[in-house]
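Shown next, in structure tokens, is the structure this report addresses.
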Amino acid sequence: MKNFRHSLAALRAVLATASLATVAGLAQAQISDDMVRIGLMADLSGPYSGNGGPGSVLAARMAIEDFGGKVNGKPVELLTLDDQNKPDVGLNGARKWLETDKVDAIVGGSASSIALGVQTLMKEKQKPYLIAGTVTSDLTGKACSPMAFQFLVDTYSLPKAGVKTLVDKGIKTFFFVTVDYAFGAALQTEATRFIEQAGGKVVGSVKHPLGTTDFSSYLLQAQSSGAKAIVILNAGLDLSNSLKQAAEFRITKGGQSVSVFGMTINSVGAMGLETAQGLSITVPFYWDRDEASRAWSKRFMDRNNGVVPTYIMAGVYSAVTHYLKSVQAAGTDAGPAVVAKMKATPVNDFMSKDVKIREDGQVMRPVYPVEVKTPAQSKGKNDFYTVGAAIPGEQIFRPLSEGGCDFVKK
């Protein structure tokens with residue numbers, strides 16, 4: 001009888017080991033084509049390449065390397081595409097990735113027109129779409145997808161956080177200098193609503209064409225309005241030119257605040273502190289905020305010719321890392337299973353601490369109000385910002401009830 005019990009115990013141990021081996025084998029077998037393929041598309045050579053571009057590619061490579069280069073025993077491959085901010089290039093590239101190259105997930109930070117099209121395609125193919133850089137709030141609103149994730153900020157949260165920061169400083173009157181296309185209009189509409197809800201007033205606004213080089217007439221209108229805050233709602237070269245000319249008019253030295261919603265740190269570096277000093281911005285990441293952000297950013301800069309990472313680049317690292325963790329936990333790269341695991345698991349990395357992902361795919365991370373330092377305040381290269389207290393994601397991201405996302409529980 002004793003020998004029988006020993007034999008039975010031994011048999012159970014063998015069966016348990018065999019079962020674990022079978023489970024492990026199944027997990028590996030569920031990685032399609034024995035490889036996890038991630039596609040990253042962005043403007044890699046054009047006017048917005050400094051915001052994400054090659055830096056986002058590096059961030060994605062670092063995420064894969066830090067994960068060990070494999071998930072569930074299978075290698076991870078990164079494919080990249082310069083979409084040139086052209087919808088046809090982006091959509092055709094995404095379609096080829098999915099249908100020919102067998103890509104399992106796409107990371108995107110391109111123009112809204114590209115992102116909205118890719119999001120529709122990813123929904124059809126049931127593949128995760130990780131957004132880090134595109135800011136239209138439609139991606140989690142009326143054009144939402146159960147397969148998509150917004151890892152950073154959008155055209156709702158940027159003005160919401162920006163207005164809150166200015167109102168908290170006691171500013172009550174505002175004037176907008178806005179680029180005349182959908183991006184600027186969306187930001188101004190949302191910002192106006194938040195200003196009025198806070199008891200403030202928009203005393204005036206002026207629109208300028210895309211590609212303007214002379215902002216003098218617009219800035220003089222803003223200056224003469226008497227508004228305590230002049231908010232510039234544009235991007236790229238328009239932003240650089242308008243801010244340089246605002247500095248020439250010595251607007252901030254005259255007691256008015258100049259603010260920008262969503263500016264990335266590369267633009268501050270390009271302008272220099274003499275021009276950018278005093279600007280109020282809100283950001284989801286700053287390289288020098290704490291020890292964790294400094295440690296990661298140092299590794300990044302060592303491989304990026306000393307160039308500091310933008311919040312878009314940090315967001316790409318966060319997105320890729322969370323995706324790989326979820327593939328590992330799900331035991332498969334099948335889209336719906338990975339998406340379920342991503343939404344069930346808080347985001348944790350150097351810029352995110354137990355950050356939850358909402359049902360509509362919004363990563364509910366905090367943002368930070370920052371003010372650009374004066375040259376005298378800066379202690380060295382890339383020491384650009386004075387950072388304020390975190391604003392919780394629940395205070396700046398659009399409530400689920402207002403988004404119009406069709407698959408969110410009512």
Inset, instruction - Restricting attention to the range 168-190, report how many residues are at pLDDT 95 or above, within 26 Å of the chain's Cα centre (by Cα) and hydrophobic (A, V, I, L, M, F, W, C). - result: 2
Legend entry - Within the range 257-286, considering residues that are in a loop (DSSP other than H, G, I, E, B) and farther than 26 Å from GLN395 by Cβ, the one most open to solvent (accessible area, probe 1.4 Å): GLN277
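What residue, of SER378, SER352, is out of contact with any Pro (no Cβ under 9 Å at 6 or more places or on another chain), within 27 Å of THR264 (Cβ to Cβ) and of a type in the set (Gly, Ala, Ser)?
Exactly one residue qualifies, and that residue is SER378.
Matching residues to (1) within 12 Å of VAL370 (Cα to Cα); (2) at pLDDT 90 or above:
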{"site": "ASN266", "(1), (2)": "no, yes"}
{"site": "GLY269", "(1), (2)": "no, yes"}
{"site": "GLY278", "(1), (2)": "yes, no"}
{"site": "ILE281", "(1), (2)": "yes, yes"}
{"site": "PRO284", "(1), (2)": "yes, yes"}
{"site": "ARG289", "(1), (2)": "yes, yes"}
{"site": "SER293", "(1), (2)": "no, yes"}
{"site": "MET301", "(1), (2)": "no, yes"}
{"site": "ASN305", "(1), (2)": "no, yes"}
Inset, instruction - Specify the residue that is most open to solvent (accessible area, probe 1.4 Å); the eligible residues are those in the range 389-410 that are of a type in the set (A, V, I, L, M, F, W, C), assigned to a loop (DSSP other than H, G, I, E, B) and closer than 20 Å to SER137 by Cα. - result: PHE407
Legend entry - Candidates ASP88, ASP82 - the one that is over 24 Å from ASP33 (Cβ atoms), open to solvent by 30 Å² or more (accessible area, probe 1.4 Å) and touching a strand residue (DSSP E or B) at 6+ places or on another chain (Cβ under 8 Å): ASP82
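State which residue is surrounded by the most Cβ atoms within 10 Å (Cβ to Cβ) when the search covers only the range 179-188 and only residues that are within 18 Å of SER157 (Cβ to Cβ) and in contact with a helix residue (DSSP H, G or I) (Cβ under 9 Å, 6 or more places away or on another chain).
Per the stated criteria, the residue is LEU187.
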Legend entry - Positions within the range 206-239 being in contact with an Asp or Glu (Cβ under 9 Å, 6 or more places away or on another chain), among the hydrophobic types (A, V, I, L, M, F, W, C) and either assigned to a strand (DSSP E or B) or surrounded by fewer than 20 Cβ atoms within 10 Å (Cβ to Cβ) (or both), in sequence order: LEU210, ILE232
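For every residue, the table says whether it meets (1) touching a residue at least 12 places away in the same chain (Cβ under 8 Å); (2) of a type in the set (Ser, Thr, Tyr); (3) surrounded by fewer than 24 Cβ atoms within 10 Å (Cβ to Cβ).
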residue	(1), (2), (3)
ILE312	yes, no, no
GLY315	yes, no, no
VAL320	yes, no, no
ALA340	no, no, yes
THR345	yes, yes, yes
PRO366	yes, no, yes
PRO375	yes, no, yes
VAL387	yes, no, yes
Inset, instruction - Could you grab me the full set of residues in the range 136-155 that are part of a loop (DSSP other than H, G, I, E, B) and under 17 Å from ILE357 (Cα atoms)? - result: GLY141, CYS144, SER145, PRO146, MET147, PHE151, LEU152, VAL153, ASP154
Inset, instruction - Name every residue in the range 287-343 that is part of a helix (DSSP H, G or I) and of a type in the set (S, T, N, Q), in order of residue number. - result: SER293, SER297, SER318, THR321, SER326, GLN328
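The values are calculated or read from the model by the stated rules, or taken from the named source; none is laboratory data. Keep in mind it's a predicted model, so treat the numbers as computed, not measured. Positions of Cβ are generated from backbone atoms using ideal geometry, with glycine treated the same way; all protein chains shown enter the neighbour counts. Please note that ligands, DNA and RNA were not included when accessible areas were found on the heavy atoms of the full protein model with its side chains. Shrake-Rupley method; radii C 1.70, N 1.55, O 1.52, S 1.80 Å.
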